[in-house]
Amino acid sequence: LQYTPVQDVQCADDLYVLEEQKLKLLKQIVDETKSKIVISSTWKHHQSQLQKLGNALNKHGMSFIGCTPDLNNKNRTDEIELFLKEYNKTHTTPISHWIAIDDMDLLKLNNSLMHNHFVHTTEQNGLTE
């Protein structure tokens, strides 16, 4: 199972409007890698934003299988690591290959976890070809 977290900034503009071209790029990644999407962005904290994201993903033939846990005093890489551990404990098909796409430098937060699993984008451009 592949795991691809989606960050709000990767497919949305500064006003949190989901951009069609970026969603199409994400769809291409998901299709080519047979990935499942996990939400690890702050959109997971707001039901309306999460529903908006889910609807946009559905419109493009995608969906998400869950969200990383909210660990108030931890960083995003801790949330990703816990999600992976919990998922692998409770599912017969473990996550064996995964990437995180983020404008936050996750390598600086946890190099050992994120090494070879991280695609660094920029806040200005988000997901690009």
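The values are calculated or read from the model by the stated rules, or taken from the named source; none is laboratory data. Fair warning: this is a prediction, and the values are worked out from it, not measured in the lab. So basically every Cβ, Gly included, is an ideal-geometry build from the backbone, and we count neighbours across all protein chains shown. Calculation scope for accessible area: heavy atoms of the full protein, side chains included, ligands and nucleic acids excluded. Shrake-Rupley method; radii C 1.70, N 1.55, O 1.52, S 1.80 Å.
Looking only at segment 30-75, which residues are over 12 Å from the mean Cα position of the chain (by Cα), small (Gly, Ala, Ser) and open to solvent by 30 Å² or more (accessible area, probe 1.4 Å)?
Listed by number, the residues that qualify are 48, 61.
Kindly evaluate residue 83 against the criterion of being more than 18 Å from residue 120 (Cβ to Cβ), at pLDDT 90 or above, touching a strand residue (DSSP E or B) at 6+ places or on another chain (Cβ under 7 Å) and surrounded by 20 or more Cβ atoms within 10 Å (Cβ to Cβ). Break it down stepwise before answering.
Numbers: more than 18 Å from residue 120 (Cβ to Cβ): yes; at pLDDT 90 or above: yes; touching a strand residue (DSSP E or B) at 6+ places or on another chain (Cβ under 7 Å): yes; surrounded by 20 or more Cβ atoms within 10 Å (Cβ to Cβ): yes.
So residue 83 fits the description; yes.
Just checking: which of the helices (runs of 4 or more DSSP H) contained wholly in segment 12-129 hold 1 or more residues that are among the small types (Gly, Ala, Ser)? Talk me through it step by step, then tell me what you get.
Details: elements: 20-33, 47-59, 76-90, 106-109, 111-114.
Of the helices (runs of 4 or more DSSP H) lying wholly inside segment 12-129, those with at least 1 residues that are among the small types (Gly, Ala, Ser) span 47-59, 111-114.
Given the conditions (1) surrounded by fewer than 16 Cβ atoms within 10 Å (Cβ to Cβ); (2) in contact with a strand residue (DSSP E or B) (Cβ under 7 Å, 6 or more places away or on another chain), and given that residue 122 satisfies all but one, which numbered condition is not satisfied?
Only one criterion in (1) surrounded by fewer than 16 Cβ atoms within 10 Å (Cβ to Cβ); (2) in contact with a strand residue (DSSP E or B) (Cβ under 7 Å, 6 or more places away or on another chain) is unmet by residue 122, namely (2).
Among the listed residues 102, 78, identify the single one that is at pLDDT 95 or above and open to solvent by less than 50 Å² (accessible area, probe 1.4 Å).
Working: 102 fails: at pLDDT 95 or above.
Step by step, each of 102, 78 is checked, and only 78 is at pLDDT 95 or above and open to solvent by less than 50 Å² (accessible area, probe 1.4 Å).
What are the pairs, 6+ residues apart or on separate chains, where a residue within segment 106-125 that is over 18 Å from residue 73 (Cα atoms) has its Cβ under 9 Å from a residue that is of a type in the set (D, E, K, R) and open to solvent by less than 40 Å² (accessible area, probe 1.4 Å)?
118/102; 119/102; 120/102; 121/102
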